[in-house]
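Down below is the structure, laid out as structure tokens.
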Amino acid sequence: MLLQEIFRGYPVAKLSALLGSNNIEVVESGIWVLAELGAAAVSLLREVEPHLRSRSRKVRYWSIGVVHSSAGSEDGKIVAEAFGLLEDDDVVIRRAALFFLYRSSEVQLTAAIDYCGGGRFGSLLAWLRDVSSSRDAFSTIVKKLQSSDRLARLVAAAAAARIYGREKSALEWAAAEGDEEISVFAARELQG
């Protein structure tokens with residue numbers, strides 16, 4: 001009902017009260033509505049950032065969606081934090097972060113790289129950007145998919161999905177040979 005009211009003109013800014021509530025169910029409702037609004041949620045993007053660290057799976061999940069649909073070139077910190085949920089303990093949250101990483105725009109990816117700098121995570125994101133435009137990406141991606149580092153494998157899975165339109169074999173390899181988490185992601189992306 002609230003979502004319908006927003007589509008009828010209720011001010012998006014008034015959702016701020018829901019996001020600031022001490023009642024987690026109220027916050028869940030507010031963040032879900034924002035996630036449904038897509039780019040129209042941009043005015044509350046800064047208020048979403050702390051919710052990426054919420055104890056609620058639903059809040060973290062929908063917060064990733066808000067960042068995905070709303071973040072731009074000036075939002076490197078929040079994009080990097082959403083990508084950082086690739087290391088969440090909850091597989092559902094890791095999958096949401098992986099989907100965002102794979103589907104992120106070049107602007108979002110570059111903003112996160114600029115924010116992270118040359119640290120481990122920033123280097124992985126820069127690798128993703130570079131390998132996604134490389135003509136000889138297959139062997140580089142497969143090597144990273146075989147890494148003992150789960151974060152590196154997840155970033156490599158995103159790379160395999162990002163190049164799928166021009167090079168199918170990396171994602172097919174990930175589906176057939178990757179660890180369980182990578183294989184599930186790759187198989188779902190192959191099914192389209």
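The values are calculated or read from the model by the stated rules, or taken from the named source; none is laboratory data. This is a predicted model, so every value here is computed, not measured. Neighbour counts run over all protein chains shown; Cβ positions are idealised from the backbone, glycine included. We work out accessible area using only protein heavy atoms, side chains counted, and drop any ligands, DNA or RNA first. Shrake-Rupley method; radii C 1.70, N 1.55, O 1.52, S 1.80 Å.
For the stretch 160-178, residues that are more than 20 Å from residue 130 (Cβ to Cβ) and surrounded by 14 or more Cβ atoms within 10 Å (Cβ to Cβ) total 3. Inspect all residues belonging to the stretch 96-106 and state whether any of them is touching a Ser or Thr at 6+ places or on another chain (Cβ under 7 Å) and open to solvent by less than 30 Å² (accessible area, probe 1.4 Å). No, the stretch 96-106 contains no residue that is touching a Ser or Thr at 6+ places or on another chain (Cβ under 7 Å) and open to solvent by less than 30 Å² (accessible area, probe 1.4 Å). Which members of the stretch 157-192 meet the condition of being in a loop (DSSP other than H, G, I, E, B) and touching a residue at least 24 places away in the same chain (Cβ under 8 Å)? Listed by number, the residues that qualify are 163, 164, 167, 178, 179.
State whether one or more residues within the stretch 150-167 are of a type in the set (Phe, Trp, Tyr) and in contact with a Lys or Arg (Cβ under 8 Å, 6 or more places away or on another chain). The answer is no, given that none of the residues of the stretch 150-167 is of a type in the set (Phe, Trp, Tyr) and in contact with a Lys or Arg (Cβ under 8 Å, 6 or more places away or on another chain). Filtering the stretch 129-156 to residues that are open to solvent by 70 Å² or more (accessible area, probe 1.4 Å) and outside any helix (DSSP H, G or I) leaves 133, 135, 136, 146, 148. Summed over the stretch 17-54, the residues that are open to solvent by 40 Å² or more (accessible area, probe 1.4 Å) and among the small types (Gly, Ala, Ser) give a count of 6.
Taken over the stretch 63-90, residues that are over 18 Å from residue 114 (Cβ atoms), surrounded by fewer than 21 Cβ atoms within 10 Å (Cβ to Cβ) and in contact (Cβ under 8 Å) with a residue 12 or more places away in the chain amount to 4. For first residues located in the stretch 13-38 and of a type in the set (S, T, N, Q), partners that are part of a helix (DSSP H, G or I) and open to solvent by 50 Å² or more (accessible area, probe 1.4 Å) and lie 6+ apart or on another chain with Cβ distances below 8 Å form the pairs 16/47; 29/2. If you go through the stretch 11-30 and keep only what is among the charged types (D, E, K, R) and either more than 16 Å from residue 53 (Cα to Cα) or modelled with pLDDT under 95 (or both), you end up with just 14. Could you please let me know if residue 25 is among the acidic types (Asp, Glu), in a helix (DSSP H, G or I) and over 23 Å from residue 190 (Cα atoms)? Judged against the criteria, residue 25 is a match.
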